[in-house]
Structure formats: structure tokens, C-alpha cells
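Here the structure comes first, spelled out in C-alpha cells, and everything after it is commentary.
Where a number appears in this text, it was derived from the coordinates with a stated rule and is not lab data. Small disclaimer: the values here were computed from a predicted structure and weren't measured. In this analysis, Cβ positions are derived from the backbone assuming ideal geometry, glycine residues included, and neighbour counts consider all displayed protein chains.
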Amino acid sequence: MSVTDGIAVVTGAGGGLGRALALELAARGVRVAAIGRSPGGIEETAAMAPEGRIMTVMADVADADAVRNAFAAITEAAPVSVLINNAAVYPRRDFLDESGESFAATVAVNLGGMVNCTRAALDGMVRTGRGRIVNVSTFADMAPLPASAAYSVSKGAGRILTRALVADLGDRFPGIVITDWMPGMLATRMGIADGLAPGVAARWGAALALWDDPALNGAVFEMNREVLPPRGLKARLRDALLMRRRPPRVIPDS
Amino acid sequence: MTADIRETLWDVIVIGAGMGGGMAGRRLAERGLKVLFVEKGPQGYRAEHQGIDPEMGDPVARLLRGYWPGPIRARIDGRDSEFFGPIGAGVGGSSVFYAATLERPERHDIEAIEGRPHPTGGWPVGYDAMRDWYAEAEQLLHVCGQADPLSPEACTLEPPPPLSGVDAALMRSLRGAGLHPYRSHSAIRYLDGCHDCLGTKCPRPCKMDGRSAGVEPALATGRAALLDRCDVRRLCGTADHVSHIEVARGGEVFDLRARQFVLAGGALGSPRLLLASASEAWPEGCANHSGLVGRNLMFHLNEVFALWPQQTAPDDGPSKAISLRDFYHWQGQRFGTVQAMGLKAGYGEIVHVLGGMFDRSMLRHMRALRHVTRLPAAVAARVLGRAQVFVGLLEDLGYPENRVTWDASAPDAIDITYTLHPELLARRRAFRRAIRAGLRGHRSLFLTHAPELNFGHPCGTLRMGLDPATSVLDADCRAHGIGNLHVADASFMPTSMGVNPSLTIAANALRVAEGIARRREAGE
């Protein structure tokens, strides 16, 4: 079974990068399930693709029960072979304006959504031992910007989730391949005005999601290039001595 | 579901769902008996593909993966060490991780023949009595391969897949040296897209093991059930009868009842459970009148060497399909088989070998130095190039002081005491000399230097024999004096033989199960 045989689920597909990813996958001949919080956005996305290529599923990714139901509906059509965890919110809010509840609500979407969707997608993936999960990530956790605490914390936790998933599943299910992807600064509602067109980034993201190589498990990509894990001086020296240095991988076919 | 299981009086409870328990349970269920498998580890997911990772130390993570959770705490030649062995805990037991080499022993492994006396005088069951069980095990496990040209005994083998280029070159090369290589006997069906799961769980019913050829067909009969993640704490009963077992599962402790019990927790696990079952009825432990429960522990010694084919061989992967028995019994001495390990002498394997040497050396307490082994390994990988890795298995003999013991304060730790006897060390030197001499004309290099025990091949700890004073089990593998307690794992073996134990475990488990079914039919 190849990853293109099943359905690719894209969360947050009602606009921005999620819409572009869904359309790019559909253009590559993949069946797509577009998950969104409101019907308007995802239906618009589906209408932009060839007839019948994109199914729309309304669900709030923060709601575990809704996500379970959504995946049950999708799986009835075909097994889920690809998941792109894209849905996220970025409320610009001074920490002094946050309440425990408002902070937790952001975490519930950005981290909880990733957990809910990944958990639901894995039900089918562990049966076949195959699957592809791409977590849309940022470097926001490295040096949090002002008025971005909940976003930085939850997106950083998402990156930890990727590593934790690899620790739990990597050796047992080498055919379930999980990677982080930083799309770059985009010209979307969440991004910056003079950023990258989401359609350009989506070509990288879709190609990465369809790149089904077990050796990618746990890898981190920024735009179309791999970000190698930071290495200390000693480790770099040892790599050089043993000729183990390898160049960062580049996403092919994008 | 467990409420049903708890209220049932089972025909047979099988403790341990590995190769022995799996095959015994399958035969019993197929013969119409109601069978419950009680397994310490998890059933797991069928698509899992992990191998055994000796570096993984966390007991929760280990058990989830089907590894025995605790360490082996070994006192070897008086020196203490602690490490994780290649021991499974889960459906299929250790066999889901094995390399599926299922070779029959030689006649002299089991009984005395002219010019080849047997160290114990012979097993209470002779080769001819075992032969049909071997044939049946070979059939159920889909063993493929080629007959050993040196053996007069026929095996029941399916044809092997086409020989790889590297194996063909090695065959020619070894034959040219006057040796008798043949296609190893392997329980892999080579289904389309076979991953060749040597050392890893097979995600499909392609590698045949205690799970795919034992527990799964047993469950498919509809007469067997499985209780996984279930710790058996003790056997309970009267002097001559086991009435129930006390188990712990998910924080609950309860009893499970059956008419017959088959113990198949492995040669390290089964004797420990009997020792843990000491009670008023069995003050020395269950079935331990002889005091021999846990004793006569045997392993094989691994003699690992790299071998270069004489002719240039195509570089199409590691050899895994060749065995030879030219050194099996040599100038009156009991050695064992030689087989390809399915490894190329590449960088990783050499790091592993060197790392293992390091762990056994005096430097082992300085962990930081362990990385130093990587440097010579990088050099060695260049020098070794395309060598293939072989292992010679040297038969170990039973000594009562070599034993596995039970520590109630650390139930998951496997405590063993083992002394390398001068007799074994002398035989080892002779084995290595024989291999070296026999491979004349080939470039070869031993990768093991200090004696290396094969912790994946434990056996002998509940010895089968006719005399209750010098053995634990009778010829039917029933405990002397306890009519409804049977053993179906490697514990029964009076000697360790010169081959991998799995086929013998499977064959004997079928024999034990058939005995239970027949006695039941006879109304005993």
C-alpha cells in the first residue's frame, strides 16, 4: 500500500496554508479530507478542486469527540494514510491579558488538535503499519515574541509531541513516518503581509507529506530543506573523523 | 471478557505464549481442548516491526515492545554483571525476534551412538521417537532449506528461495575447501514483499514463530483464549496436583483454574515460577523434590567470525542462508553447527561486537569510553569490506551449580549463576582451531575473543529424566510426582545440542500436547 492509496487528512483546511495544502494534494491526484471548524471555508476549498477530490468534514480539532467522529466518517470512505496537522490559532495577546482559560483554549487547538487528530489517525495506521504524519511547526518556541505566549508554548509542545511520538512508535512502526515542517513566513492571516504565497509553501508541504521514506522519521524540514539537529563540537568532530557527516535533505518534486 | 475467563474451568492453562506454549496450545486446541494462554507480555499490534533493543532500559517501554522487562543479573565465573538479554515477553515470546533458523539436532545430540557416547547416557526419548515430531514441527512452521549432505537423516523441508549471488559464491567457495555447506533451515515463507524479519517482529504471517504458527492458529480454532499482560505469581495445589494459578493483571490479583497446566515460560522463566511457588505443600518450590529446579542451566557459546569468499562475490547483501556441519562432531569432540548470521561485517555490526566486548571487559564501568569502540570499528569496517559473518554454536553441558534462581524482592530480574567449566573452555579452543583449520584457504577473522554465552539459547533448567532423584520431569515432560503439570519449553532439555533450540522446543511441545490429549481420551 502506498500513501497515495488512502485519504490525506488536512486540518485547518478552510483557508490559508491548509486550503493550499488540500488543493495541492488534490492536484497531485490524492483524495483529501478537509477538516475545518466552520462549513463555509472548507466547502469553498472543496469547490476550488476537481469535483469529488476533496471531502469536507466539519470538526473543531480541540474537541476529541468531534475528531473521533470525523475520522470515523473519513475512514468509511477510505483508510487515512496521510495526516497534515495544520490547524492552529495565533491570538496576539499580552500575557497580562490572558486568563488561564484563554491560554488553555489556544493550547487546546494548537497542541490538543494535534494530539486528537494524530491519535485518531493512528488507529488505522497501526493496523497496516503504514502512514505519513506531517506536523506544521514553527520556531516560535526558540525565542517567543511578545504577545505570543500561548502560541509559542503550544507550538513548541507540538514539536515535543513529534519527538515523543517517534520515541513511542519509531521502532515499532517504522512505516509510520512523522516529520515536523516549518513552512516559512507566509502571506496568510496568521503570517506577514510580504510573506510567501501559501501555494508555494504548499508544494513543499504536499511533496513532503507524500515522501514516504522511513528514514525521514523524526526529521525537521524548513521550507524545502531539512534542518539537521544541532550538534556539539565533539559530536561534529567525531562525525568528521568517521566521515558520517551528511548534507541536509531537500524535498524532491516540489 | 476477563470475567468469563476467570469463571471457566479450563481443560488446559498454558503459561507463556512463546514457541513452546504456542505450539502446545495450538495442538491442544486443535485436538478439541479448551485452552487458555496466560502471557506476561502484551499481544501487541500485528504490524509491529521492532527488533530487540538491548539499550532500552525502561521496563515499561520494554514490556510494551514485547521484551522481558527486567535485566539479567548474572554472576559469571564469580563476576557480577547486569544487562538485558534477548528474551521476549509477549505473544510469541522470544521467537518473534528470532532469526527463524530451525535446524534438527544430530542423532548423537539425543542418544549415544557408536563412537559418540552421550554425556547423560541419552535423553529418555530417543531420536527415532522424536523424529515424527520434528517432521510435524517442520511442516507447521513451513521450514524451507536443503538437506545436510553429511546427515543420513531426512528432514521435511519446503524448497528454499533462489540463492543470492553472494550465497552462491560462498557455497562454491566453501565446497572448494572440501566443506559441505547447505541451505539453512529457515521458518520464513518468503511471501511477496518479504521483509526478511531476522531479529525483528514480522508484520505479516510470513516468518513462522510461536505467534504465527502457534497462538494465532490456536485462537482461530475458537477453543482458545488469551490473557495477555498477566503475571503468574504462583502455582497452587496439593502435593501431587496443581489446582490453580494465582495471577496479577492490571492491579488485580485473582485465580485461574484448569484440569491440566502446561508451563512454558522459557528456561529462565519456568524454573523461577516453580521456585516462587514454594508453599506448605511444596516447601522447596513446586516440583522440586530433587532440588534440581533451575539447575543445569545451559547456553551455547557463540564463536563469531568474519569470512571472505575466495572468489569475488556480487555485493547483493548479507548471507543468511548457509549452514555447515563439518565441525559438528570433530575428532571425538562435541562442537556444534556453523551458520551465516545474516550480517555483513559492516560498521554497525562491528560496533556492536566491540561494544559487547567492552561491556564484558574490566572497562565496562567507564561508560564514556564505550564510544571509543567506534573508532576501531570504522577502521575495521574498511578492512573487513565485504566479509560475511558466521557463528559457530558450541554445545554447552549441564552442571548443577549453573543455575537460575528466584529473588522475591525483584520478580522481573532474572538471576543466573554460571561458571565456565575447564572442559567447556578446552572444547572451545578445539572448536576454534577446527574452524580455522577447516577454513584454510579462506580469509577469516574471529570477532569473539572472550567466551561469549548465547543468552538467547537458555535450556536445561527442568531436566527431563527417568530418575526422580536426578531430574525434574519424566519422559512425557510431566513433573515427577505432579500428574497435571507439564513443561513445554527449553527447560526440559537434558543437553543443549549443537543446534538452535527452537525446532526442538516446537517438536517437543507438540509431543507433550499430544500426550495430554491422548491421556484425556483414555480417561486418565
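Just checking the protein assembly as shown: which Cys have no other cysteine's beta-carbon under 4.7 Å?
A:117, B:144, B:155, B:194, B:206, B:230, B:236, B:286, B:459, B:477
Apply 1/(1 + (r/R0)^6) to the Cβ-Cβ distance of residue B:191 and residue B:112, taking R0 = 41 Å, and write down the FRET efficiency to the nearest 0.05. Walk me through the intermediate numbers first.
Values: r = 42 Å, r/R0 = 1.02.
So the FRET efficiency works out to roughly 0.45.
What is the extension gain from residue A:65 to residue A:168, computed as 0.36 nm multiplied by their sequence separation minus the C-alpha to C-alpha distance, in nm to one decimal?
Working: separation 103, 0.36 × 103 = 37.08 nm, distance 2.33 nm.
Extending this stretch completely gives an extra 34.7 nm.
Considering only DSSP beta bridges whose two residues both sit in the protein assembly as shown, what percent are antiparallel, to the nearest 5?
On the way: 59 of 112 bridges.
Here the share of antiparallel DSSP bridges comes out near 55 percent.
I'd like to know which of B:214, B:200, B:181 lies farthest towards the positive end of the charge dipole of the range B:109-229, counting +1 on Cβ of Lys and Arg and -1 on Cβ of Asp and Glu.
Farthest towards the positive end: B:200.
Taking only Cα atoms of the range A:132-232, what ratio of Rg to Rh do you get with Rh as the Kirkwood inverse-distance radius?
0.98
Return a whole-number percent for the relative contact order of the range B:127-218, with Cα pairs under 8 Å and 6 or more residues apart as the contact set. Provide the component values of the computation, followed by the final result.
Details: 91 pairs, mean separation 26.7, N = 92.
In percent, rounded to a whole number, it is 29.
Starting from the Cα of residue B:450, step 7 Å along the direction of its Cβ; do the same at residue B:284; then give the gap between the two resulting points in nm.
Here the modelled spin labels are 3.4 nm apart.
Just checking the output field for B:48-54: average partner chain Cβ neighbours within 10 Å of each residue's Cβ?
Working: counts 7, 7, 6, 1, 0, 1, 0.
Partner Cβ neighbours, averaged per residue: 3.
Which residues among the range A:189-226 fall inside the zone where the amide N is under 17 Å from a point 7 Å beyond the Cα of residue A:250, along Cα→Cβ?
A:201, A:203-205, A:207-208, A:221-226
Could you give the nm distance between label points at residue A:187 and residue B:56, where each point is 7 Å from its Cα heading toward the beta carbon?
4.8
Per 0.36 nm of contour for each residue apart, how much would the distance between residue B:401 and residue B:139 grow if the chain were fully extended, relative to their Cα-Cα spacing?
Numbers: separation 262, 0.36 × 262 = 94.32 nm, distance 3.77 nm.
The span from residue B:401 to residue B:139 would gain 90.6 nm if fully extended.
Taking the Cβ-Cβ separation of residue B:443 and residue B:163 as r and a Förster radius of 22 Å, what is the calculated FRET efficiency to the nearest 0.05? Kindly include the intermediate steps, with their values, before the conclusion.
Details: r = 22 Å, r/R0 = 0.99.
E between residue B:443 and residue B:163, to the nearest 0.05, is 0.50.
Quickly work out the residue A:225-to-residue B:241 label distance, labels modelled 7 Å from Cα along the C-beta direction, and quote it in nm with one decimal.
Simple spin-label model gives 7.9 nm for this pair.
Which whole-percent values make up P(r) of the range A:41-129 when all C-alpha to C-alpha distances are grouped in 5 Å steps starting at zero?
Cα pair-distance distribution for the range A:41-129, in percent: 3, 13, 19, 20, 18, 13, 8, 5, 2, 0.
Can you give the angle from 0 to 90° between the axis of helix B:502-521 and the longest principal axis of chain B, with both taken from C-alpha atoms, to the nearest 10?
Between the helix axis and the principal axis of chain B, the angle is about 20 degrees.
Looking at the range B:427-515, what % of the alpha carbon pairs are farther apart than 17 Å? Don't skip to the answer; put the middle values down first.
On the way: 2331 of 3916 pairs.
Looking at the range B:427-515, the distances longer than 17 Å represent 60 percent of pairs.
Using the charge dipole of the protein assembly as shown (Lys, Arg: +1 at Cβ; Asp, Glu: -1 at Cβ; taken about the Cα centre), state which of A:59, B:341, B:166 has its Cα farthest towards the positive end.
Sorting the options by dipole projection puts first B:166.
Which angle between 0 and 90 degrees, to the nearest 10, do you get for helix B:19-30 versus the longest principal axis of chain B when only C-alpha atoms count?
The two axes meet at around 50 degrees.
Kindly work out what percent of the DSSP beta bridges joining two residues of chain B are antiparallel, to the nearest 5. Provide the component values of the computation, followed by the final result.
On the way: 56 of 80 bridges.
Percentage antiparallel, nearest 5: 70.
Put one equal scatterer on each alpha carbon of chain B, apply the Debye formula with no solvent term, and list log10 I(q)/I(0) at q = 0.06 1/Å to two decimals.
-0.26
When you have a sec, figure out the Kirkwood radius of chain A from all distinct Cα pair distances and drop it here in Å to one decimal? Can you show the working numbers first?
Working: mean 1/r = 0.0542 Å⁻¹.
It is 18.4 Å.
Work out the length of the dipole vector of the protein assembly as shown about its Cα centre, built from +1 on the beta-carbon of each Lys and Arg and -1 on the beta-carbon of each Asp and Glu, and round it to the nearest 20 debye.
Values: 86 positive and 83 negative charges, 451 e Å.
Using only the charged Cβ atoms, the result is roughly 2160 debye.
What average number of partner chain Cβ atoms lie no more than 10 Å from the Cβ of the residues making up B:39-47? Mind dumping the intermediate values first?
Working: counts 0, 0, 0, 0, 0, 1, 6, 4, 10.
Neighbouring Cβ atoms belonging to other protein chains average 2 per residue here.
With the Cα gyration tensor of the range B:1-154 giving a ≥ b ≥ c as the square roots of its eigenvalues, does the rule (a/c under 1.5 for rounded; else a/b larger than b/c for prolate; else oblate) give rounded, prolate or oblate?
On the way: a/c = 1.87, a/b = 1.28, b/c = 1.47.
Taking the square roots of the gyration eigenvalues as a ≥ b ≥ c, the range B:1-154 is oblate.
Shape verdict for the range B:75-208, please, from the Cα gyration tensor: rounded (a/c under 1.5), prolate (a/b greater than b/c) or oblate. Mind showing how you got there, number by number?
Numbers: a/c = 1.41, a/b = 1.06, b/c = 1.33.
Rounded, because the longest to shortest axis ratio a/c is under 1.5.
Place +1 on the Cβ of every Lys and Arg and -1 on the Cβ of every Asp and Glu in chain B, take the dipole about the Cα centre, and give the residue among B:81, B:270, B:466 whose Cα lies farthest towards its positive end.
B:81
Would you mind working out the magnitude of the charge dipole of the range A:191-254 relative to its Cα centre, with +1 at each Lys and Arg C-beta and -1 at each Asp and Glu C-beta, to the nearest 20 Debye?
Numbers: 10 positive and 7 negative charges, 119 e Å.
Using Cβ point charges on Lys, Arg, Asp and Glu, the range A:191-254 gives about 580 debye.
Note down the magnitude of the dipole of chain B about its Cα centre, charges +1 on Lys and Arg C-beta and -1 on Asp and Glu C-beta and zero elsewhere, to the nearest 20 debye. If you can, show how the numbers build up before the last one.
Values: 59 positive and 58 negative charges, 279 e Å.
Here chain B has a charge dipole of around 1340 debye.
Against the globular-protein guess of 2.2 N^0.38 Å, express the Cα radius of gyration of the range B:186-260 as a ratio, rounded to two decimals. The partial results should precede the final answer.
Numbers: Rg = 17.4 Å, N = 75, 2.2 N^0.38 = 11.3 Å.
Relative to the rule-of-thumb radius for its length, the range B:186-260 sits at 1.54.
Rg and Dmax in Å for the protein assembly as shown, alpha carbons only: what are they?
Values for the protein assembly as shown (Cα only, Rg and Dmax): 29.3, 93 Å.
Ignoring the sites themselves, what is the longest stretch of chain A with no trypsin sites (Lys or Arg not before Pro) in a DSSP loop and at most 13 other beta-carbon atoms within 10 Å? List each step's numbers first, then the result.
Details: sites that count: A:92, A:189, A:231, A:244, A:245.
Formally, the longest exposed-site-free interval is A:93-188.
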